[in-house]
Every structure is written in C-alpha cells, then in structure tokens.
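Here is the structure we will look at.
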Amino acid sequence: MNMKFKLTTATAALMALSGQAMADMEAARGFLDENIDRSALSREAQEAEMQWFVDAAEPYQGMEINVVSETIATHEYESQVLAPAFTAITGIEVTHDLIGEGDVVERLQTQMQTGENVYDMYVNDADLIGTHWRYQQVRNLTDWIAGEGADVTNPELDLEDFIGTASATGPDGKLYQLPVQQFANVYWFRHDWFTDPEIMADFEEEYGYELGVPVNWSAYEDIAAFFTGREIDGQEVYGNMDYGRKHPSLGWRFTDAWMSMAGMGDKGLPNGVPVDEWGIRVNENSQPVGSCMARGGATNSPAAVYAIDKYKNWLENYAPPEASGMTFSEAGPVPGQGAIAQQMFLYTTFVASLVDEDLPVMNEDGTPKWRLAPSPHGAYWEEGMKVGYQDVGSATLMKSTPVDRAQAAWLYAQFIASKTVDVEKSHYGLTFIRESTIDHESFTERAPRLGGLVEFYRSPERENWTDTGFNVPDYPRLAQLWWQNIGDASSGAKTAKEALDALCAEQERVMERLERSGVQGDIGPLLNDERDPQEWLAEPGAPKPALDNEDPEPVTIAYEELIKSWQ
C-alpha cells in the first residue's frame, strides 16, 4: 500500500505558509478525495466531522505539538499520513515521533518524575492503567471531556463504539486513555502443512493422534519436535519461533500473558484475582501485597518456573538458531519467510507484514497459507483463567502538559481515532479499535485474506484476551525488571528459579519503596508479612504447588471445528 499524504495543489499551497498555518475545508476535502476510499461514515458525514475539526482547532492555529508512539505499522500511518493531513486541516503543526516501546515508557516516566513537558501526548499502552490510576498524573478523560476538554471533544467521538475502553478504565470508573490501536497475541500456524495428507499421516503414525491446532502445550511441543529439521518444499523448517535477546521487548514476551497462559495466576477476567499474570497479589482494596510466594505472590512459583523452562526448551531446540539473539520487532516478520511451522503466540500487529502477496506464505490468489487460532495453554491453566494478551495502545494526556497544548493534542488523538479515518487506517495496520470498523463491509470482503483475524475480532471470544491490569502499581519501574531477569534465564546465566527469585524480590523492593513513600496513598502497595511459602501453596488458587505431571495428554483440534466458535 502506498503510504503518503497525497496533496492537492491547494492543500500544498496552504501548508507552504510557514509560521502561520491555515486551515479550511479545501484541505479536508483534498485529504478525503485522495486518502479515504473506505469509511464507516458517508461522505457527507465525513465532511461534517472534518468541519468540526476545522472549527474546534481555530484557537490553536499555528501551535506546534509533539506526540510520541512506538514504531509499528499503524503508528507509521498516523505519523506519515494522518499527522500532515491534520496539520493541513487544522493549522496545528504535529510532530509525531516513532521510537521503541521501551523508550516511550522511559520518556513518560521522565515526565512523571520531573514534571517537565517532554511530549504533549503519549500513545501509551493501557498496560499502565494501574500506574495511571494510582499516581493520578494523567488527565482522566471522563473529567476532561466534562471540563477543560469539553469544547475540543468531538460530539461524534462515540466512545461506545470503541472495543478497548474497558482496558483503559480504572477501578474508579474513570477513562484514563483513548484507544488508537489494538492487537492481540494468538497462535499462528501453516494451515497448508497441517492439512497436507502426507504430513498428517506421518504425524499420526509418529505420535498416535491427529495433527491439528494444539489445545495444550504438550501438543505444541510434539508438533514443534515433529516439524523441526523436516524438509518441506526444498527447505529445512522449524517447529517454533520466538525471540530471546536481553532487551526491553523480552519482558513483554512474558508479562503479555505468557505466565497466565502457563497457568501461574488465578482465575478471573480481565485479570486473575487476587493474583495476576505478573504474579502480583492484591488485597480486597486492590493494594499490591506481594510478588514472591512468601507473601502470597506467584512470580517465583512452580508454575512460573515451568513457564520459563518451556520457553527456553522450545527456543533452544525448535526455533532457528538466530532467534535467541532477536528482539520483538526482529522476530515478528520471520514466519513470513516460509520456514516456520507454528508460533505459540504472534502479536497480530505483525499480520500486516505477513500478507504481502510476494511472500512464500501466501497463495497466488492472495489468500494466506497460514491461519490464526487461540494460543494453547499450559499444564497449570484452568478454565476461567485469562487465555491471551491484548495490547491497547492509547492516547494519554499528562497533567504536566499545559492545558492549551493538551487541548490541541486531544484534537489530534480524536482525529487519528475518528470514524472518518479509522477504516482506512485499520486496513493499513490491522489494529482494530472500533466496532464500526470491524463490521465494515470492506473487512467482510477482505476476511479470507487475513487468516482468521477478522473472525477473531468479530467474536465475543476476543474479550478473553486482555491487557495488564490493576495489580501492577508502577509499570515503568517493574517492567524493566522482567527483561533484565528473564534475560539472565534466557542466556543461561541463571536457572529459571534463580531468575524468578531475583525478579520477585526486586519487584517487592520497588513496592516497598512505594509503600514507605506513601506517594500512591491508600491504593498503593501494603506488603504482607513473609510466611513459609508452603503455607501459601497449601491454600486454594495461586501460588500453586508443583504438579506431579507437567506434560499431560496432548490435545489437538481441527481448525475448521475451532473457527466455528469465532463465527
């Protein structure tokens, strides 16, 4: 797809007026003519929405604002297409920076600590909801829309149309962030290989059951072993893909529900109660009370050790050798190169890079040779537990940003999430935020070319994929502990148990400092006294005692049967 903001002559002339940006509907119509082929709104309604932006932005013409987000396809579209269009239409000059997700969190943390206005708006994962709710350094949008943001809130914003607002809403019922992109992690596999009669027969002869979508980790491991080293279409293939470089993205690999998928935490949606997928326990007041088993947490529990050991085993034995040195962004496109049979979970933000018609994983008719399905679960997982992770990248306004700059940034946030542009943006990045977009006829037409992505998002099943919840009191400080300690396990510098013991102890030190400081008030950490971990293991729920058998009977299901639950 050609990604650029196409300018009419009139629009180009408007944008050439440096230092005195102007805005009118001619620029808006030029943008709509050249860039918006598909929309949830009629052309008349699109123009009405653009007129509202023109009028609402008038007091801010000539202002320069700075916005930052992580570097994924959707945000590239926003930065390179929507930001210059917004500038032409409103007269507000937007610089939309693209940096690594870890760097986004670092910049936000700097602004929280110093009060200096580093950026006027962050596109920041709703994973930080526990942080924003406790620190109260973010403008909650519920009060903002009713107050200082009222005159710059689009009457057609339609918050009910967004699918991810629950993730960005605190226990106080306030909306803290506005979703602008959303993606899940799901199982990815080569459907053409899994349905090849010869391959199916070979697998059943070797393992005694049918090749299909793995329901549990035992089956995933068998399938990984079966495909690794096998030659298909003249190339050696691998039964697993992952990444292992000691890098901030390695932490996401585990906090993004890997431990929940293994079964480490408690039952409950959107996150385990009282122990979540970080292994952090909270009390009845949502105060974090521990991470290690001695305080009732599960971060170093037998289920957590199992989760890390399985990851290491599969990375070392069934993935390409170079995978251990890769990051999130480097590993994402690898399945598209044609040598990977399956991946335990694939962030669906990478689907946009896997549908290029020139890739070996695509058929000549433009349909994929691969499919998406729910990720299998580990031996400790129980019905009623979280089954997957969903990233909700959201526009976030800090209280340290001056009001007028926050108002201008809020206009930009609503523009990039507007019904006028969202269908077109979603076709580029495939990160859905609105029901009206998911249900748009253009995605009905495109669904066969997206391997189950549209079916997933049209199903109520998607609500079982959630982001990090309220238990995490300070995401920026705690998240960095994960990649540093898991990196030690991934590299072999420590055993899984040693790394997790260090991780939970460090998490508790951060929480202890927060407790002493009182900065988070009566919703901040209140650590339990330490007890013999065996006492906690003897109680129901997480932390859970070690299973006698961590490799239960493998279970698979035919994809065609599975997909019926999404339809």
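The values are calculated or read from the model by the stated rules, or taken from the named source; none is laboratory data. What you see is a predicted model; the values in this text were computed from it and never measured. Cβ: placed from backbone, ideal geometry, glycine included. Neighbour counts: every protein chain shown.
Within the range 256-284, the set of residues being crowded, with 24+ Cβ neighbours inside 10 Å and among the β-branched types (Val, Ile, Thr) comprises VAL275, ILE280, VAL282. Among the residues of the range 259-275, those identified as in contact (Cβ under 8 Å) with a residue 60 or more places away in the chain and outside any loop (DSSP other than H, G, I, E, B) are SER260, MET261, ALA262, VAL275.
Here's the yes/no breakdown for (1) among the polar types (S, T, N, Q); (2) loosely packed, with under 13 Cβ neighbours inside 10 Å; (3) under 30 Å from MET112 (Cα atoms):
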position: CYS504; (1), (2), (3): no, no, yes
position: LEU514; (1), (2), (3): no, no, yes
position: TRP536; (1), (2), (3): no, no, no
position: GLU553; (1), (2), (3): no, yes, no
position: ILE557; (1), (2), (3): no, no, no
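So for the range 64-76 (the condition being of a type in the set (D, E, K, R) and over 25 Å from LYS425 (Cβ atoms)), does at least one residue qualify? No. Filtered by the rule that a residue be within 20 Å of the chain's Cα centre (by Cα) and surrounded by fewer than 19 Cβ atoms within 10 Å (Cβ to Cβ), the range 84-101 gives ASP97, LEU98, ILE99, GLY100. Among the conditions (1) at pLDDT 95 or above; (2) surrounded by fewer than 20 Cβ atoms within 10 Å (Cβ to Cβ), GLY492 misses just one, which is (1).
Of the residues in the range 140-164, how many are in a loop (DSSP other than H, G, I, E, B), of a type outside the set (Gly, Ala, Ser) and over 27 Å from LEU526 (Cβ atoms)? Steps first, please.
If we filter the range 140-164 for residues that are in a loop (DSSP other than H, G, I, E, B), which is where we start, we get 140, 147-149, 153-158, 163-164.
From the residues that got through so far, the ones that are of a type outside the set (Gly, Ala, Ser) too are 140, 148, 153-158, 163.
Next, only the ones that are over 27 Å from LEU526 (Cβ atoms) stay: 148, 153-158, 163.
Of the residues in the range 140-164, 8 are in a loop (DSSP other than H, G, I, E, B), of a type outside the set (Gly, Ala, Ser) and over 27 Å from LEU526 (Cβ atoms).
Looking at TRP278, TRP252, can you tell me which residue is on the phi < 0 side of the Ramachandran plot, hydrophobic (A, V, I, L, M, F, W, C), assigned to a helix (DSSP H, G or I) and touching a helix residue (DSSP H, G or I) at 6+ places or on another chain (Cβ under 7 Å)?
TRP252
Restricting ALA339, ALA319 to residues that are surrounded by fewer than 23 Cβ atoms within 10 Å (Cβ to Cβ) and small (Gly, Ala, Ser) narrows the list to ALA339. Considering each residue of the range 176-201, count those that are of a type in the set (Ser, Thr, Tyr), assigned to a strand (DSSP E or B) and over 18 Å from LEU453 (Cβ atoms), and give that number. So the count comes out to 0.
For the condition polar (S, T, N, Q) and without any contact (Cβ under 8 Å) to a residue 60 or more places away in the chain, what is the one hit in THR153, THR165?
THR165
Residues of the range 291-305 that are crowded, with 24+ Cβ neighbours inside 10 Å and on the phi < 0 side of the Ramachandran plot: SER291, CYS292, MET293, GLY297, ALA298, THR299, ASN300, SER301, ALA303, ALA304. Between TRP465, TRP482, the distinction of being at pLDDT below 95, on the phi < 0 side of the Ramachandran plot and surrounded by 19 or more Cβ atoms within 10 Å (Cβ to Cβ) belongs to TRP465 only.
For the range 136-146, does any single residue satisfy the condition of being modelled with pLDDT of 95 or more and closer than 27 Å to VAL351 by Cα? No; the residues of the range 136-146 include none that is modelled with pLDDT of 95 or more and closer than 27 Å to VAL351 by Cα.
When the criteria are applied in full, PRO368 fails the requirement of being in contact with a Ser or Thr (Cβ under 6 Å, 6 or more places away or on another chain), farther than 24 Å from SER218 by Cα and either without any contact (Cβ under 8 Å) to a residue 24 or more places away in the chain or surrounded by 22 or more Cβ atoms within 10 Å (Cβ to Cβ) (or both). Just one of (1) crowded, with 16+ Cβ neighbours inside 10 Å; (2) closer than 30 Å to ARG462 by Cβ fails for ALA146. It is (1). Would the range 169-182 turn up any residue that is on the phi > 0 side of the Ramachandran plot, surrounded by fewer than 24 Cβ atoms within 10 Å (Cβ to Cβ) and small (Gly, Ala, Ser)? Yes, some residue in the range 169-182 is on the phi > 0 side of the Ramachandran plot, surrounded by fewer than 24 Cβ atoms within 10 Å (Cβ to Cβ) and small (Gly, Ala, Ser). Annotation note: Cβ proximity below 8 Å between a residue of the range 175-201 that is without any contact (Cβ under 8 Å) to a residue 24 or more places away in the chain and a residue that is assigned to a strand (DSSP E or B) and acidic (Asp, Glu) (sequence gap 6+ or interchain) occurs for no pair.
Does at least one position in the range 413-421 carry a residue that is farther than 22 Å from VAL123 by Cα and either polar (S, T, N, Q) or out of contact with any helix residue (DSSP H, G or I) (no Cβ under 8 Å at 6 or more places or on another chain) (or both)? Write out each step before concluding.
Start the filter on the range 413-421 by keeping residues that are farther than 22 Å from VAL123 by Cα, which leaves none.
No: zero hits.
Out of ASP529, ASP501, one residue alone is of a type in the set (Asp, Glu), more than 25 Å from ARG107 (Cα to Cα), in a helix (DSSP H, G or I) and at pLDDT 95 or above. It is ASP501. On the stretch given as the range 504-526, residues that are part of a helix (DSSP H, G or I), small (Gly, Ala, Ser) and touching a helix residue (DSSP H, G or I) at 6+ places or on another chain (Cβ under 9 Å) total 1.
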